[in-house]
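Worksheet for the structure shown next.
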Amino acid sequence: MTSLIRSRLQSIADRGFSIIGLSNQHERKLPPRQIIKLCRLLLSGGGEASGAAIAREILNCYEALAEPEKTEFFRLLLSDFSADPAKALKAANDYSSDPSHESLDRLLTASQPSRLNLIMLLNQAPDATRFLVEMRADLLVRLRGEPELRFVDREFVHLFTTWFSRGFLDLRSIDWNTPAAILEKIIHYEAVHGMAGWEDLRKRINPEDRRIFAFFHPRLGEEPLIFVEVALMDEVPSTIQTVLGDSHGDVSALDVRRANTAIFYSISNCQKGLRGIPLGNFLIKQVVEELRTEYPALKNFVTLSPVPSFREWVSNARRGESEIRLPQATLKALELTDEDGWYNDAKAAAVVEQHLMPLSAWFLCNSNTNRRPADPVARFHLGNGARLDRINWAADLSENGMAGSLGIMVNYRYQLDEIERNHEMFANKGLVAASPAVIRAAKAYESILAKQSPATMSGSTELPSIESAGVP
């Protein structure tokens with residue numbers, strides 16, 4: 001945008017500011033209630049240029065707010081831009097007495113919060129999509145302390161789901177020729193298996209059998225939204241060391257002509273403000289199609305995933321802060337995990353494995369009051385149509401792996417002819433598609449738990465929330 005256009009937009013915006021009694025300030029620092037006045041001015045209508053200028057000022061002023069002021073701003077969005085109850089009730093009564101298309105349209109209009117239109121109008125400013133993604137990230141931080149703000153978040157989710165739908169996303173293969181600025185962001189955003197720097201990144205994209213794919217959006221420029229790291233292999237790995245190698249060097253590169261398996265071993269969301277928007281679902285399915293086209297010999301599409309909430313859940317269960325009461329033998333075994341480096345003691349590790357492996361199977365299949373997995377990674381892959389295929393012991397002994405998953409990792413299998421069926425089972429019935437081995441382990445531990453604390457197990461020793469899926 002030229003300086004002349006910028007100057008004209010600023011002039012138009014300044015005229016709008018004078019309407020509500022604000023002075024012309026080049027470095028404008030406004031309190032939340034004054035920014036809300038600008039929001040009302042934006043909603044009142046006007047030309048496209050003046051709307052864009054006012055939207056830009058609103059976003060700039062919001063960005064300058066201190067954290068407590070941002071909280072007040074969101075509270076005002078909730079109180080001042082919700083639907084008018086009286087108008088909504090009248091429209092509902094009108095529709096009840098006259099269920100026509102016209103009265104239904106008036107009901108839908110009356111029940112829609114005006115902040116939905118406000119967010120859409122804000123998006124006309126230059127670089128507004130980035131601002132709004134960051135604004136939602138600020139909002140998400142506040143939801144736990146002020147859950148009523150979830151009604152403000154609904155409008156962001158509604159619009160972002162449309163703005164960041166698959167048709168607007170650009171899938172790129174990240175390689176050593178990708179611009180350095182993007183490569184630096186990949187290093188920074190890696191959230192599962194951190195990279196120490198350029199050498200770690202080189203090991204993940206330079207060999208022919210290692211790939212990274214990322215989604216971009218035209219309104220966010222060279223800022224990645226989400227990326228997945230892939231290893232092409234000739235078998236399904238049971239440890240992350242098999243994929244990444246150890247600290248002493250590279251893993252042996254595979255002739256990709258021999259590869260029959262694609263391993264998705266890390267998925268990282270780059271934008272906190274896009275949490276909950278189904279980018280990962282699109283990404284994995286699109287990458288599967290890309291890899292099938294490029295490497296027709298690939299038959300298996302499998303993840304090697306952490307169980308990031310498992311250790312916290314186990315800790316809560318040990319303290320009695322869970323929906324189940326762990327058997328004394330399991331509690332005794334878990335005491336061993338309190339010792340630093342317990343997993344290096346073969347005898348101690350064997351005792352812990354004996355109890356944690358079946359417990360992890362139960363946890364992944366059925367570990368909350370809704371009889372669905374409590375683990376977010378499990379919910380993501382199962383909801384995406386994958387099958388819970390195998391649970392791997394001592395699969396990630398890094399600090400992060402032990403802190404979140406007690407070293408356990410999971411293979412979720414994307415069996416192409418089962419994806420839609422598995423998704424429907426999980427979404428509509430809460431059924432978890434799992435291999436026979438996982439089901440046997442989960443059912444065995446379910447029986448133990450039922451004997452230990454029958455009052456907490458819904459009176460059944462069966463697992464209606466899992467379904468067998470054959471293992472090829």
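Of note:
- Selection within the range 208-254 - of a type in the set (Gly, Ala, Ser), modelled with pLDDT of 90 or more and farther than 30 Å from SER165 by Cβ: SER238
- Set GLU321, GLU312: member being charged (D, E, K, R), within 23 Å of LYS443 (Cα to Cα) and either at pLDDT 95 or above or in a helix (DSSP H, G or I) (or both): GLU312
- Filter result for ILE284 (surrounded by 13 or more Cβ atoms within 10 Å (Cβ to Cβ) and in a helix (DSSP H, G or I)): yes
- Selected residue [closer than 26 Å to ALA214 by Cβ and either assigned to a loop (DSSP other than H, G, I, E, B) or without any contact (Cβ under 8 Å) to a residue 60 or more places away in the chain (or both)] from LEU254, LEU336, LEU326: LEU254
- Members of the range 399-430 that are hydrophobic (A, V, I, L, M, F, W, C), outside any helix (DSSP H, G or I) and surrounded by 19 or more Cβ atoms within 10 Å (Cβ to Cβ): LEU406, ILE408, MET409, VAL410
- Taking the conditions (1) touching a Leu at 6+ places or on another chain (Cβ under 7 Å); (2) not in a loop (DSSP other than H, G, I, E, B) in turn, LEU298 satisfies each one other than (2).
- Every pair of residues 6+ apart whose Cβ atoms lie under 6 Å, when the first sits in the range 412-424 and is not assigned by TED's automatic domain parsing to the domain that holds ASN392 while the second is part of a helix (DSSP H, G or I) and modelled with pLDDT of 90 or more: none
- Test for LEU107: is it in contact (Cβ under 8 Å) with a residue 12 or more places away in the chain and out of contact with any Ser or Thr (no Cβ under 6 Å at 6 or more places or on another chain): yes
- In this structure, ASP375 does satisfy being modelled with pLDDT under 95, within 23 Å of HIS193 (Cα to Cα) and surrounded by 20 or more Cβ atoms within 10 Å (Cβ to Cβ).
- Remark: pairs (first residue in the range 428-440, not assigned by TED's automatic domain parsing to the domain that holds GLY385; second residue among the hydroxyl-bearing types (Ser, Thr, Tyr); Cβ separation under 7 Å; 6+ apart in sequence or on different chains) are absent.
The values are calculated or read from the model by the stated rules, or taken from the named source; none is laboratory data. Predicted model, so just to flag it, every value in this text is computed and none were measured. Every residue, glycine as well, gets a Cβ built from its backbone with ideal geometry; the counts of neighbours run over all protein chains shown.
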